[in-house]
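The numbers here are math on the coordinates, done by the rules we state, and not lab data. It should be emphasised that the depicted structure is a prediction, and the values quoted were computed from it without experimental measurement. Virtual Cβ from ideal backbone geometry, glycine too; neighbours counted across all protein chains shown.
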Amino acid sequence: MQENRSNCGDIAGPLNGIEGTVEKIINKHKDKSDGLYLVLQDVQDQLGTMSEAVVHQIADGFGLQPNDVLGMISYFPLIKPAPPAKYKISVCLGTNCYLHGSAQLLERLSRELTLEPGETSPDGKFSLEVVRCLGSCALSPVIMINDVIYPQVESDKIAEIINSCK
């Protein structure tokens, strides 16, 4: 007689949801020399966040301590431990933008949003970051919101730009 078993609650059953997704990503990259980095990238792309449980699962998959994985996350600025904000604001502080006043733009954005670079607003709407070049030197100073470049931004236009996002 064949036993009728449900996978619901069965530890030996197939992985579903986030655990299953992370497990597949780990298996895809764990034998590569840069496997941990690739896993972190893929997890972020597919899940958008690095919860504590995900960090532990990745650490277990690579035979590491969770702090080792967290160290890797903090080392690479493109890998974020929290979900991305709805509006990611990047301020270019490359030489040309800096010479054209981007430091003042950053200061004004920081004041308007009450955020420091690297922070995300509590409502998840805005994040603020500093970048070294956006490849638009002829249009300096520039900021980028998500994938849109704002050229020759003047400090007194910051409130208007932020309000256009709301």
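Points to keep in mind about this one:
- Long-range amide H partners of Phe126 with built H, under 5 Å: Lys86, Tyr87, Ser121
- Here the extension length gained between Ala103 and Ala53 equals 14.2 nm, from 0.36 nm per residue of separation less the Cα-Cα distance.
- The chain, relative contact order in percent, only Cα pairs under 8 angstrom and at least six apart counted: 17 percent
- In the frame of its principal axes, the chain has Cα extents of 77, 35, 24 Å, reported largest first.
- Angle between the chain longest axis and helix 52-62 axis [Cα atoms, degrees, rounded to 10]: 60 degrees
- Residues whose amide H lies under 5 Å from that of Val131, counting only those 5 or more places away or on a different chain, are Val91, Cys92, Leu93; hydrogens are built 1.01 Å from N in the peptide plane.
- Mean Cβ count within 10 Å, highest first, over the residues of peptides 100-106, 160-166: 100-106, 160-166
- Fraction of antiparallel bridges per DSSP, the chain only, in percent to nearest 5: 55 percent
- ³J(HN,Hα) computed for each position of the range 26-31 - Karplus, 6.51 cos²θ - 1.76 cosθ + 1.60, integer Hz, glycine/proline x: 4, 4, 5, 10, 5, 8
- Subset of Lys24/Lys166; Lys28/Lys88; Lys32/Lys125 violating a 32 Å alpha-carbon distance limit: Lys24/Lys166; Lys32/Lys125
- Dividing the summed -39500 (n - 2.57) terms of all DSSP H runs of n ≥ 4 by the residue count of the chain sets its mean residue ellipticity at 222 nm at -13000 deg cm²/dmol.
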